[in-house]
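Read the structure below first, then the notes.
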Amino acid sequence: MVMVQVTKKSLAQDLRKKGCSISEIAQELKMQKSGSISKWCRDIFLTSKQVKRLTQKEKSGGIKGRAIFLEKSRRIKKEETERLRKEGFEDIGNLTKKEFLIAGIAMYWSEGYKYSGGEQVGFTNSDSKMILFMLRWFKEICEVADDRISLQVKINQVHKNRVKKVENYWSKITNIPLDQFNKTVLIKTENKKVYPNHDSYFGTLRITIKKGTPIRRKINGWIEGLGNMSA
């Protein structure tokens, strides 16, 4: 056993003199990267060329190790994101009518028309899914007929050449004919930034309910009732 150790020590020292790293020596001798090899080689000085090689190798290994770590972290994050998305989706499930009512009240409270003294019923957003949700809410919860719904697009004037395309987009999304659209409003504020999604931006859509005063008064009561939950 002693002879084996002496032989390995000698081989380790020879490899070190050739500029091998402690890890390379351990691998070559099929030994654990332990203090033994470091102890055997501690009195062996490397040339500047050998030191440079080992430094570059350690740096390269560090970069590779970091890349592996980042990729693993990215994969774990992606898997967790997907898991939580699925859990959230399943938590919602199919809404009861009462749950649908409350969800719509919360959305209206956040984005609907609530200015003091006004009794108009309206909702504006750029998210097509939110628009469709509220259209369904107005129809099913507030019992609004299709012909009482009017829509209006608002979009920056830099999109003036796309107005027809934008209107057709919202008409197709909502399944509401263009003759129920009011004239599109072009916002004259100058855009200081150029956005990469220029051709896929469709502004905001305003939903207005005709003869909606009784509905507005009811919505105000719903919002008040929901607000009491924080009391």
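The values are calculated or read from the model by the stated rules, or taken from the named source; none is laboratory data. The structure presented is a predicted model; accordingly, all values stated were derived computationally and were not measured. Neighbour counts run over all protein chains shown; Cβ positions are idealised from the backbone, glycine included.
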(message) Given the criterion within 28 Å of the chain's Cα centre (by Cα), surrounded by fewer than 13 Cβ atoms within 10 Å (Cβ to Cβ) and farther than 30 Å from residue 95 by Cα, identify the matching residue among 165, 183.
(response) 165
(request) Would you list the strands (runs of 3 or more DSSP E) that sit entirely within region 123-229 and hold 3 or more residues that are over 17 Å from residue 110 (Cβ atoms) and modelled with pLDDT of 95 or more? (result) 149-156
(request) From the list 189, 204, pick out the single residue that is on the phi < 0 side of the Ramachandran plot, in contact with a strand residue (DSSP E or B) (Cβ under 8 Å, 6 or more places away or on another chain) and touching a residue at least 60 places away in the same chain (Cβ under 8 Å). (result) 204
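For (1) among the aromatic types (Phe, Trp, Tyr); (2) touching a helix residue (DSSP H, G or I) at 6+ places or on another chain (Cβ under 9 Å); (3) in the same structural domain as residue 223 (by TED's automatic domain parsing); (4) free of Cβ contacts under 8 Å to residues at least 40 places away in the same chain, each residue gets a yes or a no:
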| site | (1), (2), (3), (4) |
| --- | --- |
| 114 | no, yes, yes, no |
| 126 | no, no, yes, no |
| 132 | no, yes, yes, no |
| 145 | no, yes, yes, yes |
| 150 | no, yes, yes, no |
| 161 | no, no, yes, yes |
| 165 | no, yes, yes, yes |
| 177 | no, yes, yes, yes |
| 200 | no, no, yes, yes |
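Every residue in region 119-133 that is aliphatic (A, V, I, L, M) and more than 16 Å from residue 172 (Cα to Cα), please.
121, the sole residue that qualifies.
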(request) Scan region 28-52 for residues that are under 13 Å from residue 8 (Cβ atoms), of a type outside the set (Asp, Glu) and either outside any loop (DSSP other than H, G, I, E, B) or modelled with pLDDT of 80 or more (or both) and jot them down. (result) 29, 30, 31, 36, 37, 39, 40, 41
(message) Checking residue 104 against (1) touching a residue at least 40 places away in the same chain (Cβ under 8 Å); (2) touching a Cys at 6+ places or on another chain (Cβ under 9 Å): exactly one of these is not met. Which one?
(response) (1)
(request) Tell me which of these residue 57 doesn't satisfy, since it passes every other one: (1) modelled with pLDDT of 80 or more; (2) assigned to a helix (DSSP H, G or I). (result) (1)
(message) Looking at residue 210 and the list (1) under 17 Å from residue 135 (Cβ atoms); (2) surrounded by 15 or more Cβ atoms within 10 Å (Cβ to Cβ), which single condition is not satisfied?
(response) (2)
(request) Any chance you could count how many residues in region 92-111 are loosely packed, with under 10 Cβ neighbours inside 10 Å and either within 26 Å of the chain's Cα centre (by Cα) or in a loop (DSSP other than H, G, I, E, B) (or both)? (result) 4
